[in-house]
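The values are calculated or read from the model by the stated rules, or taken from the named source; none is laboratory data. Fair warning: this is a prediction, and the values are worked out from it, not measured in the lab. Cβ placement follows ideal geometry from the backbone for every residue including glycine, while neighbour counts extend to all protein chains displayed.
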Amino acid sequence: MSNDLLEKVISTTSIGADSTNGGGLLSPQQSGRFIDYMWDATTLGSQVRTIRMRANEVELDRMAIGERLVRVATEAVDDGRNVAVAFSKVSLGTVKLRLDWELSSEALEDGIEGDALEDHIARLMASQAANDLEDLAIGGDTIGHQSDPLLKAFDGWRKRLFYGGTVLDAGSVKKPDGTLDNTLHRGTFNYALRKFPRRFMDRRGALKFFTATGLVQDFMYAAQIVEPDTARRFTTGQGVASGDNNNPGTAAGWSPAAPYGVALQEVPLFPEYSVDFNAASSGLGSPATGQTAGKGSDLWLVDPQNLIWGVKREIQVFREFKPKKDTIEYTLYTRVGANVENPQASVIVKNVAYQS
């Protein structure tokens, strides 16, 4: 999205033009562009299935069938059997969220940017809102994050994959030499692919590996050591480990490799948690004990379109001048939610440890 278009979307002059109530609903066109920008500012937002909702809760139809439906036919005989097609629904609810910020008159008067500072701050807040919403969609947990007022809003993709998909422990993964190693290496990718349910392997072309930035960096560092001529590949941007580009550039979402033909992509907001290097942790990420405890994260194998991100179309942005404080206060409201269409079509490898 261009800067000019973005300014039209979140320009405080248009948002706060109504002096009666100090703000209100964005127009449908502004709201759509604002949502587009927020998703473009995230790593997963432009890849997952985004549902723009007109109601606070919707139900999405899903058809489920068995593995085998075709049977042998006997000439001129009706065997009387009909395939039972099972229909189910995926419920997508939303939670109301808010973002507040204020700007003093002195900041507008004395700053180098002058009046342009107001638009600049609004763009920064929009970017921050996008990051926070992605953080919630990934790691939301209504039970495990009781101390975090945002992350306990609803259950995110990670928790839904953990309790509905195939869950593996990196502590059980062997390297090619047969030794156990819970860091990220080619054996981890092989383990995940081998355990991916075969009835969903026809989607292989749409699958992706997602993991934390630090784990991607560790994997590429190890590739530098074990692969011949890797240094030249790094400097020229050519692929390593069957990848496409090893130059991270300036944008998040670096995709440096494609192990076994499946793209690997970093997600900077993947949760980090304690991992015991000598014993597998339990649960979604239990605190580790002992001198060998360290940090780690997950490796997901999933079709991004299997992840659902719902946002109610109306985005409210209010702007109000407070004379007693000599400040301009802004409040943004939206409703978002997350779900997984079919958690069974996924593999999550937990307790993948950082190398240092």
Restricting region 76-110 to residues that are modelled with pLDDT of 85 or more and among the β-branched types (Val, Ile, Thr), which is farthest from Met125 (Cα to Cα)?
-> Thr94
Sort out for me the strands (runs of 3 or more DSSP E) sitting completely within region 293-351 that have 2 or more residues that are in contact with a Pro (Cβ under 9 Å, 6 or more places away or on another chain).
-> 293-302
Does region 186-195 contain any residue that is modelled with pLDDT under 90, of a type in the set (Ser, Thr, Tyr) and farther than 30 Å from Asp132 by Cβ?
-> no
Of the listed residues (Asp132, Asp169, Asp202, Asp148), the one being surrounded by fewer than 19 Cβ atoms within 10 Å (Cβ to Cβ) and farther than 23 Å from Pro304 by Cα is Asp148
First in region 18-37 and on the phi > 0 side of the Ramachandran plot, second anywhere and surrounded by 11 or more Cβ atoms within 10 Å (Cβ to Cβ) and at pLDDT 65 or above, Cβ under 6 Å, 6 or more apart | Gly22/Phe318; Gly22/Arg319; Gly22/Glu320; Gly23/Val317; Gly23/Phe318; Gly23/Arg319
Looking only at region 116-128, decide whether some residue is small (Gly, Ala, Ser), buried (at least 19 other Cβ atoms within 10 Å of the Cβ) and assigned by TED's automatic domain parsing to the domain that holds Gly32.
-> yes
